[in-house]
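Enquirer: Can you keep this structure in mind? I'll have questions shortly.
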Amino acid sequence: MKLETGMTGKKSLTVTQERTAQAISSGTLPVLATPVMIALMEDTAKECAAPYLADGQSTVGTLVNIRHVSATPVGMDVSCEARLTEIDGRRLVFEVKACDAAGVIGEGTHERFIVDNEKFMTKVEGKNKSAEE
């Protein structure tokens, strides 16, 4: 099995008080927070690609271009779909869309890169060493 354009992943969540803009300080109202919606979109894309990666690989998010077009109240379910639209070497581009029972609440594109976990973390940990010098 390999990554192919057109493949999709789906995930959902229920809006709880802890997931509101009010609770995470991204706004003042008790509605689904935009950063929570974006995290759901990223997670959906990540999980879509995960089964097709080699051992020791994962993906990291590098770009989000998302519009949050409708508020969702506490208690309502939100579903998300990510569709892989482009593969360019290690770069993966997904169309993402989130909906509640009333319709689309957010949509856009999300880019992820396939990385070798060990190499990636070695590079990241090197930042600490550079900062200490």
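The values are calculated or read from the model by the stated rules, or taken from the named source; none is laboratory data. This is a predicted model, so every value here is computed, not measured. Every residue, glycine among them, receives a Cβ derived from its backbone with ideal geometry; neighbour counts consider all protein chains shown. In case anyone asks, the SASA skips ligands and DNA or RNA and just uses the protein heavy atoms, side chains included. Shrake-Rupley method; radii C 1.70, N 1.55, O 1.52, S 1.80 Å.
Enquirer: If I fit a long axis through the Cα atoms of helix 117-132 and take the longest principal axis of the Cα atoms of the chain, what angle between them do I get, 0 to 90°, rounded to 10?
Expert: Helix 117-132 sits at roughly 90 degrees to that axis.
Enquirer: How do HIS110, HIS68 rank by accessible surface area computed with a 1.4 Å probe, from largest to smallest?
Expert: Sorted descending by solvent-accessible area, the residues read HIS68, HIS110.
Enquirer: Oh, and also: Taking the chain as a Gaussian network, where each spring joins two C-alpha atoms under 10 Å apart, which residue of THR44, THR62, THR85 fluctuates the most?
Expert: Highest fluctuation among the options: THR62.
Enquirer: Let me ask something additional. Which one of MET121, ALA98, GLY75 has its Cα pushed farthest toward the positive end of the charge dipole of segment 73-133, where Lys and Arg give +1 and Asp and Glu give -1 at the Cβ?
Expert: Of the options given, the answer is MET121.
Enquirer: Starting from the amide H of GLY106, placed 1.01 Å from N in the peptide plane, find each other amide H under 5 Å away whose residue is 5 or more places distant or on another chain.
Expert: Long-range HN contacts for GLY106: VAL69, ALA98.
Enquirer: Here's another thing I want to ask about it. Out of the trypsin sites (Lys or Arg not before Pro) in segment 50-133, which ones are loop residues according to DSSP with at most 16 other C-beta atoms within 10 Å?
Expert: Listed in order of number, the matching sites are ARG90.
Enquirer: Separation between the GLU4 and LEU63 pseudo-spin-labels, each 7 Å from Cα along Cα→Cβ, expressed in nm?
Expert: For GLU4 paired with LEU63, the spin-label model returns 2.6 nm.
Enquirer: Express in nm, to one decimal, how much length is gained between VAL124 and GLU86 on full extension, taking 0.36 nm for each residue of separation and deducting their alpha carbon distance.
Expert: 11.0 nm
Enquirer: Continuing with the same structure: Convert each backbone phi in segment 21-30 into a coupling constant with the Karplus relation 6.51 cos²θ - 1.76 cosθ + 1.60 (shift: θ = phi - 60°), then list the ³J(HN,Hα) values in order as whole Hz, x for Gly and Pro.
Expert: 4, 4, 6, 9, 6, 9, x, 10, 9, x
Enquirer: Magnitude of the Cβ-charge dipole of the chain, K/R +1 and D/E -1, about the Cα centre, nearest 20 debye?
Expert: My answer is approximately 100 debye.
Enquirer: When the chain is modelled as a GNM with alpha-carbon springs shorter than 10 Å, which of GLU107, GLU118, GLU86 fluctuates the most?
Expert: Greatest mean-square fluctuation among the candidates belongs to GLU118.
Enquirer: Something else about it: Return the carbon/sulfur percentage of the accessible area of the chain, one whole number, probe 1.4 Å, all protein chains in place.
Expert: 49 percent
Enquirer: Follow-up question, since we're still on this one. Take PHE113, project a point 7 Å from its Cα along the Cβ direction, then tell me which residues of segment 1-38 have their backbone nitrogen under 20 Å from it.
Expert: Those under the cut-off are 3.
Enquirer: Here's something else I'd like to know. P(r) for the chain, please, calculated from all Cα pair distances in 5 Å bins and given in %.
Expert: For the chain, the pair-distance distribution reads 2, 11, 18, 18, 15, 13, 11, 8, 3, 1, 0.
Enquirer: Let me check against my output: what whole-number percent is the relative contact order of segment 53-127, with C-alpha pairs under 8 Å and at least 6 apart?
Expert: Relative contact order for segment 53-127 comes out at 39 percent.
Enquirer: For SER130, what accessible surface area do you get with a 1.4 Å probe? Give it in Å², rounded to 10.
Expert: About 80 Å², rounded to the nearest 10.
Enquirer: While we're here: Let me have the relative contact order for the chain, percent, based on Cα pairs under 8 Å that are six or more residues apart.
Expert: Relative contact order comes out at 27 percent.
Enquirer: Lysine pairs in the chain 8 or more apart or on different chains: how many have alpha carbons under 16 angstrom apart?
Expert: Lysine pairs, 8 or more places apart or on different chains, close enough: 8.
Enquirer: Using every alpha carbon pair in segment 1-57, what percent of pairs falls into each 10 Å bin from 0 up to the bin containing the largest distance?
Expert: With a bin width of 10 Å, the distribution comes to 23, 36, 23, 17, 1.
Enquirer: While we're on this one: If you put +1 on each Lys and Arg Cβ and -1 on each Asp and Glu Cβ, how big is the dipole of segment 22-89 around its Cα centre, in Debye rounded to 20?
Expert: My answer is approximately 260 debye.
Enquirer: For the full complex of protein chains and a 1.4 angstrom probe, list MET41, MET1, MET76 by accessible area with the highest value first.
Expert: Final ranking, largest accessible area leading: MET1, MET76, MET41.
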